Each structure stands twice: as C-alpha cells, then as structure tokens.
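Right, one structure below, let's go through it.
The values are calculated or read from the model by the stated rules, or taken from the named source; none is laboratory data. This one's a predicted model, so the numbers in the text were calculated from it and none came from an experiment. With ideal geometry, Cβ positions are generated from the backbone for all residues, glycine too; neighbour counts draw on all protein chains shown.
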Amino acid sequence: MSGIRKRVRRLACRLGLDANPLRRRTDKIATSLAALLLLVFLVGAPLLAITAYGWAGRVGAAEQRAERSWHTVPATLLKAVPAPNSFASGLFSYTWVPARWAAPNGQARTGKIAIEVGMAVGRKVLIWVDGTGRPTDAPLTDRAVHARATTVALVATLVFVTVLSMLAWAGRKLLDRRRLADWELAWAIVGPRWTKRFRSRG
C-alpha cells in the first residue's frame, strides 16, 4: 500500500499537483494548460471523428442516390488499339479511343473512352454512363463509402491533434519567455546583494 502511495505522490509531483509552495506560478499555469489540452483531446477527438465519419457517410449516401440512374451500356470501338510492343508501353495498359454508344434515351453518342490496349476496331465493351449518357466511373459501393468516411475521420482527428500540438507549443514558448523574464527580474534583485557580500568577504 505504501508503494502505491509513493507512486501516486511521484506522479502528482511530476504533474505539478503536489501543492509545493516553491512551485512557480508559470509551472502551475503550464500544468493547468496541459490538463486542459488533454481533456479537450480526450473529449473532442472522439466527437470530431464521429461527426466527420457521419458527415462523410451522408455525403457518400447522397452520391449513391444520385448515381442510381447510372448503368452500363455497350460501346463500339471506332479505332483499333494495338497491343504494346515493349515492356515500357505495357505499363500503361489503358488508353483513350473514340467509341460509339447509345444514351438512356436511345440517342447515339460518340466520344473517347478509356479501354485496355490490344482491342480491335468494332469491339464492344461495357461502359458506365450517367442519366444523360455521358461516360462516367462506376458508382460508389458501400465499401467505398465506408473507406472514404473512415479516411475523413482519420484526417479530421490528425488535424485536430496537430492544432492542439501547435497550441501546446505556443503556450510553452510563452511560458518559457515568462520564466526567463521572472529569472532576470529575480537576479536583478538578488544579484547586487550577493555581489556586495562577496566583495565584503573579499
């Protein structure tokens, strides 16, 4: 039991909670600010992460609702895309070529689409189009929405931690300046007295 008490006292001393009469005012302020920032982090970080995740999830759900009219249509290639003849060109396995497809209203549309290399002219490929018939990416999946929301929550938390760290750094700099000013003032008062004593003894 006594060992636990000693550890508690040591921890309180390190945190500046031991009510030491010799502890400077700046030390007490530093301890209070550190405790406040820790409390803000413990309360604010989870709330911010939950809020950011919910917001990103709602945005993703709205995008999914807007993408319900998207569907795949067959597109006919109007130009051949030869296979790559070297390893370097093989690294770029997609290219843009002209193609023709039908919009949801039946109107013929033409434009460039991204396809794999090595396809002949007249080849049919499936592409995603929106409600107006414009080529687009595949709609968002539930997994993609979850991944995006998780990323947004992590980024928001990191930004929050960075802001708190900058505030802690700025507060420490200000307190260090205050401590230096207090030391200079104390030395200006005590220094001449010590100098007189040394001279009188000498």
Worksheet item: Does Arg25 satisfy the criteria of being at pLDDT 85 or above and exposed (fewer than 12 other Cβ atoms within 10 Å of the Cβ)?
Response: no
Practice prompt. Inspect all residues belonging to the range 77-91 and state whether any of them is touching a strand residue (DSSP E or B) at 6+ places or on another chain (Cβ under 8 Å), under 30 Å from Ala147 (Cα atoms), at pLDDT 80 or above and of a type in the set (A, V, I, L, M, F, W, C).
Written response: no
Response to the item:
The residue from Gly133, Gly171 that alone is surrounded by 10 or more Cβ atoms within 10 Å (Cβ to Cβ), at positive phi and modelled with pLDDT under 95 is Gly133
